[in-house]
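Only the coordinates and a few stated rules stand behind these numbers; no lab work does. Worth saying up front: this structure is predicted, and the values here are computed from it rather than measured. Positions of Cβ are backbone-derived with ideal geometry, glycine not excepted, and every protein chain shown enters the neighbour counts.
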Amino acid sequence: MTYTKYSASGNDFVIFHTLIKKDYSQDAINLCNRTEGIGADGLIVIVPNETADFEWLFYNSDGSDAAMCGNGTRAVAHYAYNNGLAPSNMKFLTQAGFIQSIVDGNIVETQMTKPKIIKEEFEQEGLTWYLIDTGVPHLVTIVDDLDKYDHDLCAKMRYEHNANVNFAKIEDEKIFVRTYERGVEGETLACGTGMVACFLRANTLGLVDSKSFVYPKSKEELTVSIKDGELFFKGAVKKVFVTEI
């Protein structure tokens, strides 16, 4: 089998395409293992679909599946276009619904799924939280110092609310984010749906306008914007390498 490794703002994925739609969770565990496999945050499998350019099967590194992954949509769109599986302006199916992505060189913009507020503002562990689904559920807290990010607190909140956990800092209308991800069970260099969730929270509070630069732990610059109620997530992706196993 031929596999391609991609990095999208530090969020890394193993991607391949096949005609066979089945459970690839064990493949995800093996391939994403950073000691004995390729090493990645997730596995993306592209399979045919009659109603879209393709369908993806997405797995976290622990083999669990996820309905949506913002950085993953950008990586898979670039892979699909460059492998002749889809046009530069494409539509593909995820568990969260259809996703529209546009590839322009190494820059990919994705139109995100409609957000759903799960729980309005609430207090816990001395912080103010907001729980929203941007394809997958995300807890967001806005802080004045990202060093307040705490692994043990994130793990506790993640299991209690079954959600990813984000700490966001707003500075000059720019958003800086640290994210604890389900399935990885730790902090990742970037999380697309998490950055979008932080943008929505900041936008709702009037801390940023309808378009903002967002910086995850990888420090790469991404853009999140909202227009007529639709959310867009844009940034560069990188094909790291292709290998055969």
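Structure data summary
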| quantity | calculated |
| --- | --- |
| Mean projected area (nm²) of the alpha-carbon convex hull when the range 88-245 is viewed from all directions | 10.5 |
| The chain: most fluctuating residue of Gly84, Gly72, Gly135 per GNM, C-alpha cutoff 10 Å | Gly84 |
| Karplus-derived HN-Hα couplings along the range 62-69 (A = 6.51, B = -1.76, C = 1.60, θ = phi - 60°), whole Hz, x at Gly and Pro | 8, x, 6, 9, 9, 5, 7, 8 |
| Estimated inter-spin distance, Asn82 and Glu221, nm [label 7 Å along Cα→Cβ] | 2.2 |
| Computed lengthening from Leu127 to Ser64, 0.36 nm per intervening residue step minus Cα-Cα distance | 19.8 nm |
| Exposed GluC sites (Glu not before Pro) absent: longest stretch of the chain, with sites in DSSP loops and at most 16 other Cβ within 10 Å deemed exposed | 51-124 |
| Cα-based helix-to-principal-axis angle, 192-204 vs the chain, degrees rounded to 10 | 30 |
| FRET E, pair Phe241, Glu50, Förster distance 41 Å, beta-carbon r, rounded to 0.05 | 0.80 |
| Long-range amide H partners of His17 with built H, under 5 Å | Ile46 |
| Kirkwood Rh in Å, taken over the range 123-187 so that all alpha-carbon pairs contribute | 11.9 |
| Once exposed loop trypsin sites (Lys or Arg not before Pro) are cut out (DSSP; at most 15 other Cβ, 10 Å), longest piece of the chain | 35-218 |
| Additional length obtainable on full extension of the chain from Thr2 to Lys211, 0.36 nm per residue less Cα span | 71.4 nm |
